[in-house]
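See structure below.
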Amino acid sequence: MINRVEISSDRIRNSNSQNGVIQPLLTDLYQINMAYAYWKSGKHDDVAVFDLFFRKNPFQGEFTIFAGLQECLTFLQNFRYSESDIEYLRENMPPTVEPEYFEFLANLTTDEVTVYAVDEGKVVFPRVPLLVLEGPLIVIQLLETTLLTLVNYASLVATNAARYRMAAGRKMKLLEFGLRRAQGPDGGLSASKYAYLGGFDGTSNVLAGKLYNIPVKGTHAHSYISSFSSLDDLHIDTLKHKETGEELSLKEASLRWRSRLADTLNIIQSEASDGELAAFISFAIAFPCGFIALVDTYDVLKSGILNFCAVALGLHDLGYRALGVRIDSGDLAYLSCIARASFTTVAEEYELDWFSSLQIIASNDINEDTIISLNEQGHKIDCFGIGTHLVTCQRQPALGCVFKLVEINGEAKIKLSQDMEKITCPGKKSVYRLYGEDGHALIDLMHRTSEEAPQSGKRVLCRHPFQEGKRAYVSPAKVEPLHKLYWEKGELQQPLPDLVEIREQVTLSLETLRQDHRRNLNPTPYKVGVTDNLYTFLHDLWLQNAPIGELF
């Protein structure tokens with residue numbers, strides 16, 4: 001394990017060098033102001049415990065995928081104020097701030113911080129701490145905003161991607177096409193990374209492919225097609241035969257096939273665009289082993305399908321196989337069915353079995369509901385290219401993670417509110433996932449660290465944290481501790497998986513949920529409870545801190 005941890009530390013260092021924006025000044029000013037007020041008050045030695053959690057699952061669902069942990073560990077490992085950071089703060093904070101405070105900041109590290117966390121890629125639920133940080137109050141306060149920004153968006157995109165994957169099914173290829181619509185370059189890179197983590201198969205984002213080893217996919221745009229007006233625009237129309245090396249005209253082969261296919265597919269040849277055909281031939285010459293054509297620039301049925309099939313069969317004459325088509329507009333279910341029928345007709349007419357299984361890729365502002373609707377319509381699509389709705393999370397643009405103090409110098413703290421959802425669960429806690437005999441998760445149970453951990457086969461009382469009447473006994477078949485020690489004494493304490501392994505974790509974790517928790521429409525809420533001991537402790541502390549009213 002020691003060797004694996006060392007390797008993971010190297011991975012963290014390499015990852016950090018790829019995103020210089022993750023640094024101590026990526027925070028809110030009030031964190032630095034509070035740190036000074038703590039310092040001024042002599043709270044240097046105060047030891048605090050903070051929980052990072054969220055209050056509600058996104059997208060009207062009942063689960064969330066935890067992501068961003070490795071970026072958080074990267075931040076902890078490299079946390080240090082630079083000389084220019086200190087100089088900037090010195091110039092921009094009030095002149096009454098004592099010079100010694102800046103010396104204090106210059107020497108800060110996270111060596112005294114301890115971090116417990118849920119494994120990245122695991123399914124998580126409201127109120128359950130994703131990260132628990134224990135250590136110097138001032139240091140942890142300075143970490144808050146950065147940790148939140150690293151977890152919030154990552155978990156939101158990963159959850160969105162996982163929902164698309166469930167809607168599409170395991171066999172469907174999903175590609176992330178969202179860079180141009182993302183919230184800036186950092187948003188685009190994060191979206192590509194965490195969409196892949198959540199279950200997508202590749203991205204159009206070349207830099208994300210390089211940085212994160214994500215498969216990169218792409219074809220061409222409508223502008224490529226419309227840049228050709230006629231066959232005269234073809235400056236090169238020949239291609240070497242794959243086997244013999246003989247230079248042959250793909251243009252002539254494609255024209256011959258287009259004449260034959262017009263009758264086969266019952267399409268009027270004169271209505272097909274010569275400019276589109278020229279573009280297809282040009283692109284096929286450039287990428288003979290990876291030819292995918294965008295067929296909706298003019299008309300899918302009257303031009304795109306015919307021209308594609310002609311070039312695909314021309315390529316076949318020269319020893320190559322086309323890969324498929326992309327449809328970016330129109331009635332995707334109907335057009336995909338016509339395209340598949342056309343491919344099948346060609347396969348049968350010319351005894352080319354592979355032609356019937358050519359890939360059909362669909363894009364065009366696709367969201368989760370679109371996929372569900374297309375499934376109901378019996379589409380023939382093999383791959384979805386999804387951009388805007390995935391990376392911007394239009395259905396819910398923020399997860400809403402929060403960072404709350406739950407203990408200071410061994411004394412539990414509670415945050416009260418008239419909104420019950422905003423009342424915190426006090427004290428340092430452990431969390432266990434209890435499973436039933438069928439292998440499905442039943443409940444996440446929080447309890448005080450001083451309590452004995454729940455055991456398999458032993459009945460335990462689980463209570464709703466705030467509603468007295470909601471309680472139940474559970475005899476778990478399996479008990480899984482959710483928190484692991486990830487950071488202590490300035491060192492990583494767990495081996496870190498790579499992105500592919502985290503993707504697998506997402507799949508396996510989701511499979512532990514019942515179908516009714518995962519379904520798109522009206523999912524059953526998953527239960528998160530507390531032990532009887534924690535319930536009593538929480539409510540006693542609540543009463544101690546709540547002001548008592550007086551009637552006049």
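Quick look at the values:
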| item | result |
| --- | --- |
| Residue under evaluation ILE360, criteria (1) part of a helix (DSSP H, G or I); (2) surrounded by fewer than 24 Cβ atoms within 10 Å (Cβ to Cβ); (3) touching a helix residue (DSSP H, G or I) at 6+ places or on another chain (Cβ under 8 Å), criterion not met | (1) |
| Residue that is farthest from SER363 (Cα to Cα) [pool: residues in the range 149-180 that are part of a helix (DSSP H, G or I) and among the aromatic types (Phe, Trp, Tyr)] | TYR153 |
| The range 314-345, residues that are assigned to a helix (DSSP H, G or I), surrounded by fewer than 22 Cβ atoms within 10 Å (Cβ to Cβ) and among the aliphatic types (A, V, I, L, M) | ALA333, ILE338, ALA341 |
| Residue match in the range 104-117 (condition: buried (at least 24 other Cβ atoms within 10 Å of the Cβ) and within 25 Å of THR392 (Cα to Cα)) | no |
| Evaluation of ASP365 against (1) open to solvent by 40 Å² or more (accessible area, probe 1.4 Å); (2) of a type in the set (Asp, Glu); (3) closer than 28 Å to GLN269 by Cβ; (4) assigned to a loop (DSSP other than H, G, I, E, B) (one fails), failing number | (3) |
| The range 268-288: number of residues that are of a type in the set (A, V, I, L, M, F, W, C), closer than 18 Å to LEU301 by Cα and either touching a strand residue (DSSP E or B) at 6+ places or on another chain (Cβ under 7 Å) or surrounded by fewer than 21 Cβ atoms within 10 Å (Cβ to Cβ) (or both) | 2 |
| In the range 368-410, residue surrounded by the most Cβ atoms within 10 Å (Cβ to Cβ) [restricted to those that are basic (Lys, Arg) and over 25 Å from LEU143 (Cα atoms)] | LYS380 |
| Every residue from the range 203-219 that is modelled with pLDDT of 95 or more and in a loop (DSSP other than H, G, I, E, B) | SER204, ASN205, ASN213, ILE214, PRO215, LYS217 |
| Test: residue in the range 544-552 that is touching a residue at least 60 places away in the same chain (Cβ under 8 Å) and either open to solvent by 100 Å² or more (accessible area, probe 1.4 Å) or within 20 Å of VAL431 (Cα to Cα) (or both) | no |
| Members of the range 468-513 that are among the basic types (Lys, Arg) and closer than 30 Å to THR536 by Cβ | LYS470, ARG471, LYS478, LYS484 |
| Single condition LEU534 does not satisfy, out of (1) open to solvent by less than 30 Å² (accessible area, probe 1.4 Å); (2) under 23 Å from the mean Cα position of the chain (by Cα) | (2) |
| Of all residues in the range 33-64 being touching a Leu at 6+ places or on another chain (Cβ under 8 Å) and over 20 Å from CYS401 (Cα atoms), the one that is least open to solvent (accessible area, probe 1.4 Å) | ALA35 |
| Qualifying residue in the range 299-309 (condition: under 29 Å from LEU374 (Cβ atoms), at pLDDT 95 or above, open to solvent by 40 Å² or more (accessible area, probe 1.4 Å) and not charged (D, E, K, R)) | yes |
| Selection from the range 188-202 of residues that are in a helix (DSSP H, G or I) and open to solvent by 10 Å² or more (accessible area, probe 1.4 Å) | LEU189, SER190, LYS193, TYR196 |
| Enumeration of residues in the range 465-496 that are open to solvent by 40 Å² or more (accessible area, probe 1.4 Å), free of Cβ contacts under 8 Å to residues at least 60 places away in the same chain and of a type in the set (A, V, I, L, M) | ALA472, ALA477 |
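The rows are residues; the columns are (1) within 42 Å of the chain's Cα centre (by Cα); (2) in contact (Cβ under 8 Å) with a residue 24 or more places away in the chain; (3) assigned to a loop (DSSP other than H, G, I, E, B).
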{"site": "LYS242", "(1), (2), (3)": "yes, yes, yes"}
{"site": "LEU255", "(1), (2), (3)": "no, yes, no"}
{"site": "SER270", "(1), (2), (3)": "no, no, no"}
{"site": "GLY275", "(1), (2), (3)": "yes, yes, no"}
{"site": "SER282", "(1), (2), (3)": "yes, yes, no"}
{"site": "PRO288", "(1), (2), (3)": "yes, yes, yes"}
{"site": "THR297", "(1), (2), (3)": "yes, yes, yes"}
{"site": "PHE308", "(1), (2), (3)": "yes, yes, no"}
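The values are calculated or read from the model by the stated rules, or taken from the named source; none is laboratory data. All values derive from a computational prediction rather than experimental measurement. For neighbour counting, all protein chains shown are included, and Cβ atoms are generated from backbone atoms with ideal geometry for every residue, glycine included. Please note that ligands, DNA and RNA were not included when accessible areas were found on the heavy atoms of the full protein model with its side chains. Shrake-Rupley method; radii C 1.70, N 1.55, O 1.52, S 1.80 Å.
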